[in-house]
1. With r defined as the distance between the Cβ atoms of Ser342 and Val59 and R0 fixed at 45 Å, what FRET efficiency is calculated, to the nearest 0.05?
2. Need the C-alpha centroid separation for segment 187-237 versus segment 284-299, integer Å.
3. Which entries of Lys69/Lys224; Lys72/Lys224; Lys46/Lys122 show an alpha-carbon separation above 27 angstrom in the structure shown?
4. Connecting C-alpha atoms closer than 10 Å in a GNM of the chain, tell me which of Thr299, Thr197, Thr104 has the biggest fluctuation.
5. At a threshold of 8 angstrom on Cα-Cα distance, excluding pairs fewer than six apart, so keeping six or more, what relative contact order does the chain reach in percent?
6. Can you tell me the dipole magnitude for segment 114-249 around its Cα centre, using point charges on the Cβ only (Lys, Arg +1; Asp, Glu -1), in Debye to the nearest 20?
7. What are the ³J(HN,Hα) values, in whole Hz, obtained from phi via the Karplus relation 6.51 cos²θ - 1.76 cosθ + 1.60 with θ = phi - 60°, for each residue of segment 161-175 in sequence order, with x given for Gly and Pro?
8. What percentage of all Cα-Cα pairs in segment 134-226 are separated by more than 16 Å?
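Every number here is computed from the coordinates shown, using simple stated rules; none is lab data. Values in this document were obtained by computation on a predicted structure and should not be read as measured data. Positions of Cβ are backbone-derived with ideal geometry, glycine not excepted, and every protein chain shown enters the neighbour counts.
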Amino acid sequence: MNLNTTTTSFAQALGLTIPKDGHSFSRREVAALLRRPLARWGLAPKRALIRYAREQLDVLGIIEPSSDKIGKLLDQLVLLGECDEVLLSGQRYIALGTPRWIPTGNETGVVLSASTVPQGIKMLESVSPDDILRRVCIAADDDFGTLSAAGIQRHEFDEWLGPLGYLKHASRREGRLVRDDTLTLEGFWELLIRALTVEGHPLSIDAEVRILSGAPGGYFGDVKSPNCEGRWTSDATDGIWCAFRRGYGDQHWHPTLLSIRGENRRSLDLYDHDEWQWALLARSLAVGPRERITVDGTTWRLTCPIPLQLRAAMDLLGSRYAPWAWVVPEGAREFWSSFLTS
């Protein structure tokens with residue numbers, strides 16, 4: 001048996017297909033590679049899972065993805081709820097999540113489990129090789145029974161989505177648990193304004209900033225481009241804006257809220273890009289104009305970047321084929337009307 005046959009056989013044993021370029025696997029196949037040890041081990045150090053995947057790829061002579069990219073893919077599996085990340089004795093572990101399937105549209109669903117999808121359940125092809133979710137057709141009572149017998153129970157989309165992520169940011173700022181019955185997303189904008197008033201710092205007129213002021217629907221632009229482009233500007237009218245200020249290098253821009261009153265500017269640094277994106281949605285509700293989603297048949301397109309939780313929700317419902325565009329099945333759950341207008 002020659003080396004090529006041995007390599008091919010080893011890849012097949014792992015459930016993989018040697019890529020035509022011989023150098024890189026799709027994210028979908030690497031996700032499948034990560035599920036194998038997780039299903040066996042149940043609980044494993046995060047580093048061990050990443051090392052396992054990288055070692056298998058090394059044996060196959062595969063260059064990409066790097067360990068860093070594998071780690072980010074694993075983070076996405078955690079975000080989607082297929083597995084959980086826990087901290088034990090100061091070390092990050094990955095644990096099996098509760099096996100479940102989520103209805104996503106007309107006779108379609110997503111299986112969230114490290115285990116193999118039961119035989120008899122029809123797998124659906126994904127639009128993109130970067131789609132790491134396992135999409136299935138659930139069209140008959142027998143399909144429900146097959147999944148249930150395998151310990152994979154049905155969970156509704158709202159149950160999977162859980163509390164919205166802006167509440168986490170609000171809780172950190174308030175130093176206490178904040179629930180959605182006490183703070184709406186629009187109210188989150190008011191909370192940030194209060195924080196800006198109390199905690200914000202004067203910002204020199206010479207400080208370099210990029211302010212998002214253009215109307216939703218136009219070219220968004222890259223905040224890191226050499227010059228302002230798309231919806232970004234370095235100057236804006238009086239008001240409170242979602243912005244970025246220049247950091248320690250040409251490619252470092254820190255998320256911030258910026259208050260402009262004539263020549264007086266005041267800045268509140270936000271925790272991360274996720275809080276900035278929640279702030280953007282909150283501002284669009286409280287101040288306007290609202291960010292939008294365009295629905296054209298089974299294609300959904302957004303006018304702005306959205307927080308990690310909402311991005312995961314879009315990834316769950318459909319296959320992403322562009323940074324802010326997804327193909328979703330007919331009858332998919334409409335969850336975005338609270339944040340976006342169509």
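1. 0.40
2. Segment 187-237 and segment 284-299 have Cα centres separated by 20 Å.
3. Lys46/Lys122
4. Taking springs between Cα atoms under 10 Å, the residue moving most is Thr197.
5. Here the relative contact order equals 13 percent.
6. It works out to roughly 440 debye.
7. Result, rounded to whole Hz: 5, x, x, 6, x, 5, 5, 5, 5, 5, 5, 5, 6, 8, x.
8. 75
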